[in-house]
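Asks: Sharing a structure below in structure tokens format, with a few things to ask.
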Amino acid sequence: TYAIEVRDLRKTYAAAGKMPEKQALNGINLAIPTGSIFGLLGPNGAGKSTFINILAGLVKKTSGTARIWGLDIDQSPRQSRAAIGVVNQEVVADPFFTPFEMLELMAGFYGVPKAERRTVEILTALGLADKKDAYVRQLSGGMKRRLMVAKALVHNPPVLILDEPTAGVDVELRRLLWDYVRELHAQGTTIILTTHYLEEAEELCDTIAIVNHGEIVACEPTPQLLSRL
Ligand code: ADP
Ligand code: ADP
């Protein structure tokens, strides 16, 4: 079975002001098996964020189909979205909430019963236990990035999607995030990440798809792909 199954996915952004119409995705076909750590590797502007944002329900696709955990994103929008946690590049955190409050709010949003919440456990795993009652505005940039990962996990999704998880992050935090992603994977979470660092895809991913100009130009197990580069 597939965690993500996408057929002929296309996205054209409408022209706006001086910006001409832009074809960001030109017919993406992908089947990402359950249990993999899958990397979408490509340069800036390749369409990686657009792909992720369509799955996350943040961008409307122009055409094609997408299934998450077997659920069609058009027919079952809420259920399909509940099967994924998405970590975007932007830090979206209310400065006057605490990490604990933020995670509890998210859990409430997903309808996770109080007894099933793992707020403190998640914060602890990401090294934020001692900051759980601090204001978010008092956290460092690295802590906020980790908080974004925590926020994506409150509903215990079987699939975690990370958009450029380590862009602009120092070496230490990059290691920490990689270790944590590996640990989640070992516990059974399917991982999908986008990156423009070959090194990151090589280090983490069992399969790599190369995206360029809105198309998948290669998709292979990592060792095979690397042997041809
Ligand atoms: P990144 O390259 O780090 O993913 P960008 O700087 O390309 O981010 O985009 C920042 C924001 O601007 C995003 O929300 C993106 O959707 C939007 N954006 C990017 N390119 C365009 C564009 N050509 N026209 C309008 N909005 C855009
Ligand atoms: P990546 O994540 O690989 O950097 P994106 O999906 O952000 O690529 O962008 C793909 C293309 O679509 C780029 O040319 C970008 O400028 C354009 N784009 C992204 N977001 C928007 C938007 N909101 N409006 C118009 N164009 C956009």
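Asks: Working only within segment 173-207, note down all residues that are outside any helix (DSSP H, G or I) and within 15 Å of the chain's Cα centre (by Cα).
Replies: Matches in segment 173-207: Thr189, Thr190, Ile191, Ile192, Leu193, Thr194, Thr195, His196, Cys205.
Okay, residues lined up against (1) among the aliphatic types (A, V, I, L, M); (2) surrounded by 15 or more Cβ atoms within 10 Å (Cβ to Cβ); (3) within 23 Å of Met148 (Cα to Cα); (4) touching a residue at least 24 places away in the same chain (Cβ under 8 Å):
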| position | (1), (2), (3), (4) |
| --- | --- |
| Val6 | yes, yes, no, yes |
| Met19 | yes, no, no, no |
| Asn29 | no, no, no, yes |
| Ile37 | yes, yes, yes, yes |
| Gly64 | no, yes, no, yes |
| Ile68 | yes, yes, yes, yes |
| Ser76 | no, yes, no, no |
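Asks: Assess whether Ile52 counts as being away from ligand 2 (no atom under 16 Å from the Cβ) and surrounded by 18 or more Cβ atoms within 10 Å (Cβ to Cβ). Explain how you work it out, then say what you get.
Replies: On the way: away from ligand 2 (no atom under 16 Å from the Cβ): no; surrounded by 18 or more Cβ atoms within 10 Å (Cβ to Cβ): yes.
Against the criterion (away from ligand 2 (no atom under 16 Å from the Cβ) and surrounded by 18 or more Cβ atoms within 10 Å (Cβ to Cβ)), Ile52 does not qualify.
Asks: When the residues of segment 177-211 are narrowed to those that are more than 16 Å from ligand 1 (Cβ to nearest atom) and touching a Lys or Arg at 6+ places or on another chain (Cβ under 8 Å), which ends up farthest from Tyr2 (Cα to Cα)?
Replies: Leu177
Asks: Same structure again: Gly168 fails exactly one of the following numbered conditions: (1) within 14 Å of ligand 2 (Cβ to nearest atom); (2) surrounded by fewer than 15 Cβ atoms within 10 Å (Cβ to Cβ); (3) part of a strand (DSSP E or B). What is the number of that condition?
Replies: (3)
Asks: Filter segment 180-196 for residues that are more than 15 Å from Gly85 (Cβ to Cβ) and surrounded by fewer than 15 Cβ atoms within 10 Å (Cβ to Cβ) and give the result. Before the answer, list the steps.
Replies: If we filter segment 180-196 for residues that are more than 15 Å from Gly85 (Cβ to Cβ), which is where we start, we get 182, 186, 195-196.
Answer for segment 180-196, where residues must be more than 15 Å from Gly85 (Cβ to Cβ) and surrounded by fewer than 15 Cβ atoms within 10 Å (Cβ to Cβ): Arg182, Ala186.
Asks: Report yes if Glu121 is farther than 18 Å from Thr190 by Cα, under 17 Å from the mean Cα position of the chain (by Cα) and loosely packed, with under 14 Cβ neighbours inside 10 Å, otherwise no.
Replies: Values: farther than 18 Å from Thr190 by Cα: yes; under 17 Å from the mean Cα position of the chain (by Cα): no; loosely packed, with under 14 Cβ neighbours inside 10 Å: yes.
No: the conditions fail for Glu121.
Asks: Something else: Could you tell me whether segment 218-228 includes any residue that is in a strand (DSSP E or B) and touching a residue at least 40 places away in the same chain (Cβ under 8 Å)?
Replies: We begin by selecting, within segment 218-228, every residue in a strand (DSSP E or B); these are 218-221.
Applying the additional criterion that residues be touching a residue at least 40 places away in the same chain (Cβ under 8 Å) yields 219.
For segment 218-228, residues in a strand (DSSP E or B) and touching a residue at least 40 places away in the same chain (Cβ under 8 Å): present.
Every number in this text was worked out from the coordinates using simple rules, so none of it is lab data. These numbers were taken from a predicted model, which means no experiment stands behind them. When we count neighbours, we look across all protein chains shown, and the Cβ atoms used for this are built from the backbone with ideal geometry, even at glycine.
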